[in-house]
Every structure is written in C-alpha cells, then in structure tokens.
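Worksheet for the structure shown next.
The values are calculated or read from the model by the stated rules, or taken from the named source; none is laboratory data. On a predicted model such as this, the values are computed, not experimentally measured, just so you know. For neighbour counting, all protein chains shown are included, and Cβ atoms are generated from backbone atoms with ideal geometry for every residue, glycine included.
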Amino acid sequence: MKALIDENLCTGCGTCIDVCPVGAITLSEGKAKVSDECTLCGICVDSCEFGAISLPKVGTGELPRDYETYRGIWVYAEWRHGTIHRVSYELLSKARQLADKKHVPLASVLLGYRLNGLERDLFNYGADIVYVVDHPSLAYFTDEAYGNVLAYLAKEYRPEILLAGATSIGRSFIPRVAALLKTGLTADCTDLDINEEGLLVQTRPAFGGNIMASILCPYGRPQMATVRPRVMEACRLAETRSGVLERVSVPEELFKSRIEVLEETVCEGPSASIVEADVVISGGRGLGRKENFRMLEELARLVNGAVGASRGAVESGFADPSQQVGQTGRTVAPVLYMAVGISGAIQHVVGMQGSRIIVAVNKDPQAPIFNVCHYGVVADLFEFIPEFIKLVKGGC
Amino acid sequence: MHIVVCVKQVPETQNVKIDPTTNTLVRQGVASMMNPFDRFALEAALRIKDMDRDNVNITVITMGPPQAKEVLIDALSRGADDAVLLSDQAFAGADTWATSYTLASAIRKLGSVDLIICGKQAIDGDTAQVGPELATLLDLPYATYVSRIEFLEPRVLKITRQTDEGTAVWKVPLPALLTVLKDVGIPRVRSYRATLRARRYEVPIWGISDLRLSKESVGLKGSFTQVIKVFSPQRAKDRTFIEGSVSEQAARLYELLKKQGVPGL
Ligand SMILES: Cc1cc2nc3c(=O)[nH]c(=O)nc-3n(C[C@H](O)[C@H](O)[C@H](O)COP(=O)(O)OP(=O)(O)OC[C@H]3O[C@@H](n4cnc5c(N)ncnc54)[C@H](O)[C@@H]3O)c2cc1C
Ligand SMILES: Nc1ncnc2c1ncn2[C@@H]1O[C@H](COP(=O)(O)O)[C@@H](O)[C@H]1O
C-alpha cells in the first residue's frame with residue numbers, strides 16, 4: 001500500500017520528490033510515481049499544492065458492532081503526593097469544551113488509595129461525574145493494575161473518547177489500556193477538536209516536531225489520546241461545582257500485578273524538576289565551564305525554576321545527564337524556556353519546542369536556536385545573564 | 001535465555017530540516033539509521049549476554065520495508081545472534097496497534113522468549129506505544145523508561161525506571177518486556193568477527209503467510225488511527241529580536257516576560 005497520486009491533478013512539479021523522507025517518489029512520464037518504499041507517512045500529501053496526493057484509508061471500514069452505545073468523554077485524573085496533576089485540569093478544561101460541542105457528559109476517573117477529597121476539584125474544572133476506584137493495590141503506580149482497572153471501567157461504561165496526560169505515567173499505561181480495549185491511541189497530542197462527523201481530531205507533532213499530523217480514529221472505540229502537559233489552558237469553572245461521585249468496586253483479580261514496587265524516590269534539587277518546573281533555564285556549551293552554570297542556578301533559584309542543559313553541555317561535564325533536554329534527554333514544556341549558549345540543534349529543539357515562551361541568548365545571530373525562539377537576544381551571555389539577574393533580584 | 005530486541009529503521013533526523021522559505025520538510029539524501037534508542041536496547045541485551053555468553057541468545061527483529069534489513073545487519077555486527085525481518089507490502093502504513101500486533105505474532109512464532117527489550121521510543125513518531133502494546137498483547141509484565149537492569153535471581157530482574165519526578169525500583173519476573181533509556185550503557189562498536197558473520201548471515205524474511213495473518217489485520221487495514229492531514233508547524237511566527245545595549249536588552253526582556261505573566265518574575 002502506498003500514497004495515491006491523482007494523475008489528473010499532478011503537474012509533475014516534483015515538490016513531493018524532495019520532501020519524501022524515504023525517497024519513494026520519482027517522476028515518470030511527467031507524473032509523480034510512488035514506489036513500494038512508501039511508508040505512508042503522509043508528508044507528501046501536505047507538500048502538494050494541487051491536492052493530487054492522498055493516503056489510502058485505514059481499517060476495513062467496519063464500525064465496532066456496539067458503536068452506538070459509546071457515549072461521553074473521559075479524562076484520566078493523574079495524581080502525585082495527594083494532589084491532582086495539573087495536566088488533568090488542563091485536559092478537563094479542554095474536554096469540557098469538546099463535551100459541550102458534542103452535548104455529552106464529561107467524566108473523570110480517579111484510581112488510587114485513600115484519595116478522599118481529590119474529586120472536588122475535578123468537578124470544579126468541569127467533570128460531571130467522577131468515578132473512583134480506591135484500593136490498597138493502587139497505592140503505587142504499576143502499569144498492570146492501573147491499566148487493567150481503567151480498561152475494565154471503559155468496557156463497562158463505554159466512553160466514546162478517553163484522554164490522559166502524556167506524562168511518564170500516562171505514556172506508560174495508557175497504551176496498555178488501548179491494547180486491552182483493541183482500539184487506536186494517539187500519543188502526545190498538542191491539540192484536540194471535534195469534526196463535523198463528531199469524531200475526535202487529534203493533532204500531534206511527528207518527525208521530531210518538523211511536521212504536525214492530524215489523526216482520526218474512525219473505527220475504534222473509545223477514541224484515545226494522550227496530551228502533552230501545558231499545551232492547554234486549565235480553567236476552573238467555579239469554587240464549588242457539584243457533580244456525581246461514583247465509587248466503583250471492580251473484580252479483585254484486576255489488581256494483580258506481576259511486578260512489585262520496591263522503592264520510589266523523588267529527586268530533590270534543580271535537575272530532576274525540569275519536567276515539572278514553570279521556568280527552565282538551560283545552558284549549553286557556550287557557558288564554557290562548569291562553574292559558569294552557577295549563574296544559571298542563581299537565576300533559576302530566583303524564579304523558582306530549574307536548570308536544564310544541552311547534550312553539548314552534558315558531554316563537556318558542565319551539567320548532569322539528568323538535566324539534558326532533547327531527543328536523548330527529557331522533554332520539557334514550561335511556561336518559559338531560556339536557552340543560554342545553546343546552538344539549537346534539532347535534537348535539542350525537539351525536547352523544548354512545546355514551551356509557551358522560548359527565549360534564546362546567543363552571541364551568534366546565525367545560531368539555529370533563533371529559528372525556534374519567540375524572543376531572541378543576540379548578546380554575550382556573560383554580560384547579559386548578570387544584567388538580567390540584577391533586574392530579577394530588584395523585582396523580587 | 002532468549003532475548004528479543006525490537007529495532008526500527010528511522011530517517012536520520014539531522015537530514016530532516018525545515019526549508020526556511022517554503023516552510024516544508026527538506027530531506028538531503030535518503031540516509032536512514034537504527035533508531036538511537038534501539039541501539040541502547042541492543043546494548044542492554046548484549047550486557048546480559050556478556051554475563052553468560054553461552055547461555056544467552058539474542059534475536060533482533062524489525063518490521064519494515066526490505067531495506068530495513070540494514071539495521072539487522074548492523075545489530076548482528078555488534079553481537080546479536082539472530083535476526084528476523086518482517087516485511088510485506090501488506091504491513092505498510094501500520095499504526096502502533098498494527099505494528100504491535102504483527103510483532104506479537106512474530107515473537108510467538110519464535111517460540112520461547114524470556115525477555116523483550118525495546119527502545120524508549122522511535123524518533124520518527126515518538127509515540128513510545130509499541131513496547132507497552134506489544135507486552136499487553138503477549139500478556140507480559142512490562143516496565144518503561146528503564147535506566148538500569150540487574151538480576152535478583154536467575155529469572156527475576158530488579159530494574160530502575162525513570163519517573164517524571166525521580167526513580168522507581170521494581171522487581172520484575174521473567175518473561176517480561178522492558179523499554180530502555182540511554183542510561184543502560186554506551187552502545188558498543190561493531191566487532192570484526194561479528195561483522196564477518198553478519199555479512200554471511202541470511203536474514204529470514206517473514207510476511208503475512210509466514211505469520212498466518214490476514215491482510216485485514218495488519219498494516220493500514222489493521223490500523224485504527226488515520227492521518228488525515230499533515231502540515232508544517234507554525235514556528236517562531238512572532239519572533240522578536242531584542243535590540244539595544246546589553247542592559248537595554250535585559251530590561252526589555254524582563255518587562256516583556258513580566259507582562260506575559262511568567263511565574264516567579
Ligand atoms: C542521536 C543524537 C541524539 C542527540 N540528542 C541530544 C539531546 O537529547 N539533547 C541535546 O541537547 N543534544 C542532543 N544531541 C546533540 C546535538 O546534535 C548538539 O550537538 C548539541 O545540542 C549541541 O549542544 P550546544 O548547543 O550546547 O553546543 P554548541 O553546538 O557547541 O553550541 C554552543 C552555542 O553557544 C554559543 N555561545 C558560545 N559562547 C557564547 C557566549 N559567550 N555568549 C552567548 N553565546 C555563546 C555559540 O554561538 C553556540 O551557538 C544529539 C545528537 C545526536 C546525533
Ligand atoms: N516497525 C518496528 N519494528 C520493530 N520494532 C519496532 C517497530 N516500531 C517500533 N518498534 C519498537 O518499539 C519502540 C517504540 O516505538 P514507537 O512506539 O514507534 O515510539 C522502538 O524503540 C522499537 O524498539
């Protein structure tokens with residue numbers, strides 16, 4: 001199977017040949033021709049200004065037998081140390097809009113042990129119903145127990161759409177739920193919408209963020225997606241909003257996990273918190289020496305942020321590997337990402353491009369980091385950062 | 001002990017760039033490589049083999065077009081024992097469900113498997129879903145984001161995994177599936193002897209008939225998710241260069257960020 005060319009529309013311009021990442025398109029007799037190498041990635045479809053390229057359709061066209069019985073939107077409520085993770089509120093706010101558009105109820109699912117009271121804010125952020133499963137086996141996260149229970153609930157209550165945060169927990173056990181339910185799952189979405197047919201349109205970056213793809217799940221139910229933290233706005237609807245709290249008991253065997261949790265540790269200090277922090281100040285090879293990272297640490301401390309690093313900086317020994325942002329490091333999406341003395345290699349950019357505001361400080365105006373920033377500061381970091389710190393100190 | 005390592009061939013991201021004028025993806029050459037995280041998966045398996053060379057057997061497996069054989073040869077040259085290529089026109093366009101489904105059938109056909117190791121994610125799709133889905137389809141326990149693998153007993157692992165806020169240590173009985181991070185060890189280089197062997201190795205190619213799968217259950221037909229539109233991200237459309245002397249630059253940036261409500265400022 002391969003991308004389809006409409007020969008009546010193809011002008012033989014050759015644009016698609018250049019964009020195909022696997023080199024599967026050639027020109028033959030003035031028309032584009034797709035070889036068996038095609039991986040159906042869809043990049044060419046967008047590149048064709050004549051609309052001559054399309055992809056074949058997924059699935060066998062058969063809707064699930066009981067498809068009409070799926071109704072409503074669910075948001076998995078993630079918690080840490082007795083508080084709901086912000087991404088769940090962000091998702092509830094977005095899902096509230098989607099539910100209103102579809103005129104269906106919005107429910108949230110809370111799994112854990114002794115989580116009394118946590119449901120209140122789920123209502124305040126838009127949930128009409130909260131399902132709670134409370135069990136000692138859910139005190140610690142394991143993929144098996146969490147996955148089994150969520151899949152069981154989804155089978156019982158049949159939501160049409162099921163959403164979760166693309167955190168390390170969501171990205172780990174939600175695929176299990178999708179596999180148990182035998183349905184599609186779109187990872188790491190940055191936008192969600194409902195189309196005219198009432199289907200969930202899931203938009204996500206691919207190829208290291210170089211392209212965006214919009215994805216449907218026409219023949220699987222529920223339609224499932226994980227969504228990146230911080231791309232959606234959390235909006236509290238009321239101080240006390242009422243809703244239906246339903247405590248569900250599920251078969252005991254679902255809690256069985258072959259895995260045993262021996263230990264869980266929370267790392268203190270600037271390095272481990274880069275994923276959670278609102279402000280990340282990252283340094284690159286431009287800092288020159290490990291000691292110079294202290295400047296960034298001071299700035300981070302002042303704004304209650306965390307210090308990240310490029311691989312260049314990590315390899316030079318300026319920073320700890322746990323601080324690395326990028327393809328082989330952590331993915332972060334803070335409110336403010338400040339890249340200091342970082343050139344902006346694609347492998348770095350994929351780990352931070354979801355940030356709300358990106359500031360680049362670099363003395364080379366040609367540095368590629370300036371292509372992805374919102375605010376560019378062409379300056380010597382050793383002059384700029386101390387100036388900036390002075391202002392932040394003054395403002396505090 | 002039989003370890004299966006799942007590897008994927010991906011386009012080299014250095015060569016995937018945005019054309020600044022047309023804002024479309026440009027590719028120079030058709031360079032492809034083994035998914036970087038899968039090199040760590042292979043390394044993790046090789047380190048287990050190092051501990052007991054005669055009793056550990058490593059099979060690398062990939063689903064992809066015929067040229068994906070290159071990543072298998074590469075893995076054999078670094079010390080894997082066997083390789084299988086899953087390639088069939090019917091496999092094209094598979095989403096993570098259809099990929100996991102096909103890999104699961106192939107792993108069942110391999111027979112007894114004690115440990116499956118996948119990369120954390122593939123850098124083309126970045127989904128990180130194939131590992132957990134594959135484990136679920138094979139009904140195996142699994143752990144993701146693994147940074148360290150140790151043995152507690154011959155058939156019980158103690159693994160350390162990265163969480164968003166720290167680490168967790170889990171006891172995992174075999175058979176199981178792990179997806180690994182770069183922390184498991186620096187991938188080794190090709191060895192001369194293994195490279196010679198890899199060159200002579202005849203990689204078996206399995207298609208739908210070998211796996212006894214129907215055309216409807218694999219590839220695009222067996223997939224649930226459909227890409228309906230692909231477009232370039234709007235990047236830095238409102239980029240502002242902050243001009244002036246260094247102290248002016250600092251003051252302007254500070255005001256701008258403060259106005260936008262950056263926490264802590
Ligand atoms: C498979 C693979 C995976 C990778 N994964 C990652 C990853 O996860 N994360 C990552 O970051 N990288 C990753 N890389 C590496 C990446 O390609 C780059 O090599 C790396 O990001 C460069 O780090 P850097 O920007 O700090 O260093 P450099 O590229 O050396 O850039 C230093 C910058 O500092 C500027 N500078 C110097 N002095 C000053 C000064 N006084 N004031 C202001 N600016 C100054 C320079 O102009 C330059 O732009 C990966 C590479 C590969 C091949
Ligand atoms: N086509 C494939 N063939 C073999 N292994 C794969 C394939 N696709 C994904 N994998 C494995 O699954 C991991 C996660 O991939 P992904 O879910 O695509 O991000 C990879 O690191 C590989 O180990």
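Brief remarks on what is shown
- Those residues of segment B:203-214 which are in a helix (DSSP H, G or I) and either within 20 Å of B:Val130 (Cβ to Cβ) or at the interface with chain A (Cβ under 7 Å from one of its Cβ atoms) (or both), in sequence order: B:Ile208, B:Leu211
- Test: A:Ala145 is surrounded by fewer than 24 Cβ atoms within 10 Å (Cβ to Cβ), more than 12 Å from chain B (Cβ to nearest Cβ) and not in a loop (DSSP other than H, G, I, E, B): no
- Answer residue from segment A:340-396, given it is among the small types (Gly, Ala, Ser), closer than 20 Å to B:Ala251 by Cβ and more than 8 Å from ligand 1 (Cβ to nearest atom) and is surrounded by the fewest Cβ atoms within 10 Å (Cβ to Cβ) among those: A:Gly394
- Taken together, A:Ser108, A:Ser54, A:Ser93 contain a single residue that is away from chain B (no Cβ under 14 Å), in contact with a Leu (Cβ under 7 Å, 6 or more places away or on another chain) and hydroxyl-bearing (Ser, Thr, Tyr), which is A:Ser108.
- Members of segment B:215-243 that are more than 7 Å from chain A (Cβ to nearest Cβ) and surrounded by 13 or more Cβ atoms within 10 Å (Cβ to Cβ): B:Lys215, B:Ser217, B:Val218, B:Gly222
- For segment A:331-366, a residue qualifies if it is under 16 Å from A:Ala277 (Cα atoms) and within 16 Å of ligand 2 (Cβ to nearest atom), and the qualifying residues are A:Thr331, A:Gly351.
- Filter result for A:Arg330 (modelled with pLDDT of 95 or more, within 16 Å of ligand 1 (Cβ to nearest atom) and not polar (S, T, N, Q)): no
- Test for B:Gly119: is it closer than 20 Å to B:Thr62 by Cα, within 16 Å of ligand 1 (Cβ to nearest atom), within 11 Å of chain A (Cβ to nearest Cβ) and in contact (Cβ under 8 Å) with a residue 40 or more places away in the chain: yes
- Per this entry, A:Gln327 is counted among residues that are within 16 Å of ligand 2 (Cβ to nearest atom) and either farther than 20 Å from A:Leu391 by Cα or in a strand (DSSP E or B) (or both).
The rows are residues; the columns are (1) touching a residue at least 60 places away in the same chain (Cβ under 8 Å); (2) β-branched (Val, Ile, Thr); (3) surrounded by 16 or more Cβ atoms within 10 Å (Cβ to Cβ); (4) in contact with a strand residue (DSSP E or B) (Cβ under 7 Å, 6 or more places away or on another chain).
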site: A:Val34; (1), (2), (3), (4): no, yes, yes, yes
site: A:Thr39; (1), (2), (3), (4): no, yes, yes, no
site: A:Val58; (1), (2), (3), (4): yes, yes, yes, yes
site: A:Gln97; (1), (2), (3), (4): no, no, yes, no
site: A:Val104; (1), (2), (3), (4): no, yes, yes, yes
site: A:Leu110; (1), (2), (3), (4): no, no, yes, yes
site: A:Gly117; (1), (2), (3), (4): no, no, no, no
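- In segment A:290-319, the residues that are within 20 Å of A:Gly395 (Cβ to Cβ) and more than 14 Å from chain B (Cβ to nearest Cβ) form no Cβ pair under 9 Å with any partner that is assigned to a helix (DSSP H, G or I) and within 16 Å of ligand 2 (Cβ to nearest atom), whether six or more places apart or across chains.
- Screening segment B:244-263 for residues that are surrounded by fewer than 19 Cβ atoms within 10 Å (Cβ to Cβ) and assigned to a loop (DSSP other than H, G, I, E, B) and picking the one that is nearest to the other protein chains (Cβ to nearest Cβ) gives B:Pro263.
- Residue among B:Ala90, B:Ala75, B:Ala94 that is surrounded by 24 or more Cβ atoms within 10 Å (Cβ to Cβ) and either away from ligand 2 (no atom under 12 Å from the Cβ) or assigned to a helix (DSSP H, G or I) (or both): B:Ala75
- Scanning segment A:256-306 for residues that are modelled with pLDDT under 95, assigned to a strand (DSSP E or B) and either within 16 Å of ligand 1 (Cβ to nearest atom) or polar (S, T, N, Q) (or both) returns A:Thr265, A:Ala306.
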